[in-house]
1. As a footprinting exposure proxy, order 81, 48 by other Cβ within 10 Å, with the fewest listed first.
2. Based solely on C-alpha atoms, express the radius of gyration and the Dmax of the stretch 174-324 in angstrom.
3. In bins 5 Å wide, starting from 0, what share of all Cα pairs of the stretch 118-208 does each bin hold, as a percent?
4. Give me the distance in nm between label points sitting 7 Å out from Cα along the Cα-to-Cβ direction at residue 375 and residue 1, one decimal.
5. When all alpha-carbon pairs of the stretch 7-161 are counted, what percent fall beyond 18 Å?
6. Report the calculated FRET efficiency for residue 389 and residue 367 (r = Cβ-Cβ distance, R0 = 22 Å), to the nearest 0.05.
7. Whole number please: convex hull volume per residue, Cα atoms of the stretch 351-405, in Å³.
8. How do 50, 254 rank when sorted from fewest to most other Cβ atoms within 10 Å of their own Cβ?
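Rule-based calculations on the coordinates, nothing more; no lab input. What you see is a predicted model; the values in this text were computed from it and never measured. FYI the Cβ positions are ideal-geometry reconstructions off the backbone, even for glycines, and counts take in every protein chain you see.
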């Protein structure tokens, strides 16, 4: 039995994917504990998954809500810079507190989200095996590809390559606060210097929620990289309560757990659906009040709710209007549901670009007019998208959470074998 620690950024979607992997490992006889600030504990729904709080001084109870609100609205360069500084502060806290917390709790190995470098840095310093998990688009860099946070389409011409390189330089400049924290922590922890997320990945195994056929064409991924597809627990899907008329088009709209308060965007979506005489279910993830829900009904939404069973809604929908969160997009692929992606932040622009490139949906600016949203939805209804068949085949072979757990267990054995041979 191995005791795994999970180290991830404080976002619901990341915790959910890693919890699914944790549950699979627990059912195989292992123990799993998440380590983070105390407010993040409520995202874990299975009592078998343990949680240990760290950072009580710098990240006290009640502080996460403000961080989440700011992360949901990186609408200006200053807002983006603020989020990066918050990321850096969390990484610094984890690098400071994890070594003792892991020792106190008898941790044997780590599962480290690619977006939180502290896990890999601390694991390396303690000589513990760790596996990197990409819950968002992989941060692995490759010449000739745009970074996952960039909205660029895939191309191989000289102009595109120049644009990719230039945007990477801008990104690295913006990320300097986090890079400094990474470098300072590496020196303090006694590991080789580095200053970026992609330099903190596991030499044992790297797991990605993406499908190989969904990403842009890659040729330089490491041999230990495994695209396993969505990390989900095999639960019985919940059924929705909304009486959908099968004779009329039905759309599902969700902007995820962070950005569900963007009522103006929901209003434009509702008005576009009203023009199409379509049914629309909006799920705002608890971010809107009753008056705002009524406004959306007045604009043209058929139903507005806090949460809806996502897989059920996607299976019923003729199309989904989404912000481009990777979890939602992977679920839409599994349901063969065409997508209209209106990205807002993080890797969502990159996800939208891949949705369009792989012909499973369209991308549109979040500032698009009602008329443009209407036209995009009308096109999704009128023209079948050819990209689903190869991705469904890819999905069926990817392995999901069970293959991910196999890879994790093999990595721990490989580390133990290597350690034994060096003694």
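1. Values: 81 15, 48 11.
Ranking 81, 48 by Cβ neighbours within 10 Å, fewest first, gives 48, 81.
2. 21.3, 64
3. Final binned percentages: 2, 13, 20, 20, 18, 14, 8, 4, 1.
4. Between residue 375 and residue 1, the label points sit 6.2 nm apart.
5. Values: 7526 of 11935 pairs.
Value for the stretch 7-161: 63 percent of Cα pairs lie more than 18 Å apart.
6. Working: r = 33 Å, r/R0 = 1.49.
It comes out at approximately 0.10.
7. Values: hull volume 5.5 nm³, N = 55.
Given the Cα convex hull of the stretch 351-405, per-residue volume reads 100 Å³.
8. On the way: 50 18, 254 24.
Placing the least packed residue first, the sequence is 50, 254.
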